[in-house]
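Worksheet for the structure shown next.
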């Protein structure tokens, strides 16, 4: 998509239709909370845990104890915000300052209590998973839904996490200098790398490397997200930049329906009992957004017609006290078309691309979670995920038509290049965990079968005016490159069966928690056997400070597109050797600061050698080092603040004779400062300021009249050096207001989220207009996102 598409497609989600009349309401009916408390180590319910609920408005508190199932149900609660404190002897007390009670609705909230290294340690929110990095961050449903700058997208709400750089209003992000496609994403512990819409295969370089635009998840679908910037345990492999684990909500005890309607489309949902067994729950979310009609309404006629559809279904069915079955269904579809009528509306005809993208993706998964004996859990997951994608690009030539000609008279070449990407994966993951004499032992096996059918077809020679000086040209004086079917046409039809296994042992003694593990993999696609040792250590000598360290070897599999680009591309896994040290200091009961320094040696990196022939090779190496700092705390009840700073120095040597240069996604400095104020149980305001250093800048030459006499005037841009400097840094201010209130039986949630309030200019995205010989910079504007959601509970 063009720069106008990137700007205005985000604006589309802001044009929400606020047509609901808010008048004549009755007193808010009471709601309820179902609280379930479990042992984080054994996943068993914890009876006799003391749960204290404090109503924030009145400071009224009540205490109850969980029953034999670790459960309490508290009904007839006034709608609003409550603080929840859970305590049990032998476990770390957990405190959640903001749990919302909704009118007429019984909301289920689950807490896991962990064993502290020291007594008198209070954990805010949820303790992290045993296989996570010590610097991981957990965000719950409310934090994802209401985050400033998040709009209506849970992945946008990750902005401000340590090591993470989100440069735009879209859902893609980079971590510690690595690219958006280097992140490892799991949904309900199923691997799913198609969680973001409009991840372009063809188009400008900025679009192809962008990592996508919007997540497939509607608001409230994700109940929690755990983010690790590095150093996680051996249960996970395949990507090495970061680990993001998303949990799909499982439904509440009482039924409710929701509707969100806007100018682009609609979203409907159901959340409540499934009717299969007594405690079975069901969540359904379905939405369809057609941005083409919206763009016509707001007179942004050059963008094209993007359409997306998402359906997500999850059911949690307790079979017995020791066995629970979960079913997850995700089906997504997207199309994007841009024809000559859109080119006609492009300013100065600067974007003449003809595009047609179509993708269907789905994930079907079943999880059986079993409690074995007194302390063991055994979890089995079976899944199938598939993606069918076809992308084609053509070109219009408006300058070859007489001035004033209609779009229908423009010469065109449609479908010059077509890329198909069909993949199917069937997998089984089995994980076992138990408590032993030293601590916690975990082990697992994984088997996957992958079928790939990739192909690229070029319909005739195609001149490209943006190229690298290393790209092949038969004549060194030729100032452009020519793609030919002989060099570009390619196919990849492969079936591979991959295996992996891991073990992990936690040793707990005194103030120490040391976790050692190893991951063994057989990658049939690259014909490699891989060994990945992992180490995480925590030492908490006192109540106020915790020290931690991580080390390990991580492998990253090559992209399927790179394998398919040329039959000669025999690629291997990249190798990342990671080490980090850090500390977390608890200033008092309200404030903490975490700092982590890391170093990564990058070896066997896949490098693009020549875009004319589509050749890639594992010849690159480099380093990535830096430090992340996070300060967060509570100024007073209902008023929270956080600040982050990340420094990164990532360099890559592509073995092209230019030496080590700054990596493409490296940003030396990223800093954020955020404040959230829950004014009342109805009003909440928040703001976040973000500063980002510019990305590395290449040196280039612009050549004029490269086709020669008698041919159309064309310019070209030749990259002669990479990463020799940096673009200018810039700051972005986001602000958000949330309002929530019941009007009779309807619970109304509305928000105004303004991204880039000051219209600060970003220097990241430029596109080359080869008809005029200029770089067209992205125009930055304030982008208001307005949302309205109606919930009815019965």
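Which of the residues spanning segment 736-749 are surrounded by fewer than 20 Cβ atoms within 10 Å (Cβ to Cβ) and either under 30 Å from the mean Cα position of the chain (by Cα) or assigned to a strand (DSSP E or B) (or both)? Steps first, answer last, please.
Within segment 736-749, the subset surrounded by fewer than 20 Cβ atoms within 10 Å (Cβ to Cβ) is 737, 739, 741, 743-746, 748.
The answer is 737, 739, 741, 743, 746, 748.
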Listed by first then second residue, the pairs whose first member lies in segment 429-451 and is at positive phi, whose partner is surrounded by 19 or more Cβ atoms within 10 Å (Cβ to Cβ) and part of a strand (DSSP E or B), with beta carbons under 7 Å and at least 6 positions apart or on separate chains, are 439/506
Being surrounded by fewer than 21 Cβ atoms within 10 Å (Cβ to Cβ), part of a strand (DSSP E or B) and at pLDDT below 95 is the requirement here; does residue 634 meet it? yes
Of all strands (runs of 3 or more DSSP E) fully inside segment 478-569, the set with 1 or more residues that are closer than 27 Å to residue 242 by Cβ and under 30 Å from the mean Cα position of the chain (by Cα) is 490-509, 512-523, 528-539, 545-556
When residues of segment 750-790 are limited to those that are more than 24 Å from the chain's Cα centre (by Cα), at pLDDT 85 or above and in a loop (DSSP other than H, G, I, E, B), the one nearest to residue 220 (Cα to Cα): 758
Has segment 694-713 got any residue that is under 23 Å from the mean Cα position of the chain (by Cα) and not in a strand (DSSP E or B)? yes
Among the candidates 227, 295, which residue alone is crowded, with 22+ Cβ neighbours inside 10 Å and under 17 Å from the mean Cα position of the chain (by Cα)? 227
Going by the structure shown, is residue 282 modelled with pLDDT of 95 or more, buried (at least 18 other Cβ atoms within 10 Å of the Cβ), under 17 Å from residue 328 (Cβ atoms) and in contact with a helix residue (DSSP H, G or I) (Cβ under 9 Å, 6 or more places away or on another chain)? no
Among the residues of segment 96-138, count how many are modelled with pLDDT of 90 or more and assigned to a loop (DSSP other than H, G, I, E, B). 5
Conditions (1) closer than 27 Å to residue 482 by Cα; (2) at pLDDT 95 or above; number of the one not met by residue 377: (1)
Can you name the condition, by its number, that residue 667 falls short on among (1) under 30 Å from residue 757 (Cβ atoms); (2) outside any strand (DSSP E or B); (3) touching a helix residue (DSSP H, G or I) at 6+ places or on another chain (Cβ under 9 Å)? (3)
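Based on this model, can you work out whether residue 162 counts as in a loop (DSSP other than H, G, I, E, B), within 30 Å of residue 433 (Cα to Cα) and modelled with pLDDT of 80 or more? Talk me through it step by step, then tell me what you get.
Working: in a loop (DSSP other than H, G, I, E, B): yes; within 30 Å of residue 433 (Cα to Cα): yes; modelled with pLDDT of 80 or more: yes.
Against the criterion (in a loop (DSSP other than H, G, I, E, B), within 30 Å of residue 433 (Cα to Cα) and modelled with pLDDT of 80 or more), residue 162 qualifies.
The values are calculated or read from the model by the stated rules, or taken from the named source; none is laboratory data. Bear in mind that the values here come from a model prediction, so they are computed numbers and not experimental data. Every residue, glycine as well, gets a Cβ built from its backbone with ideal geometry; the counts of neighbours run over all protein chains shown.
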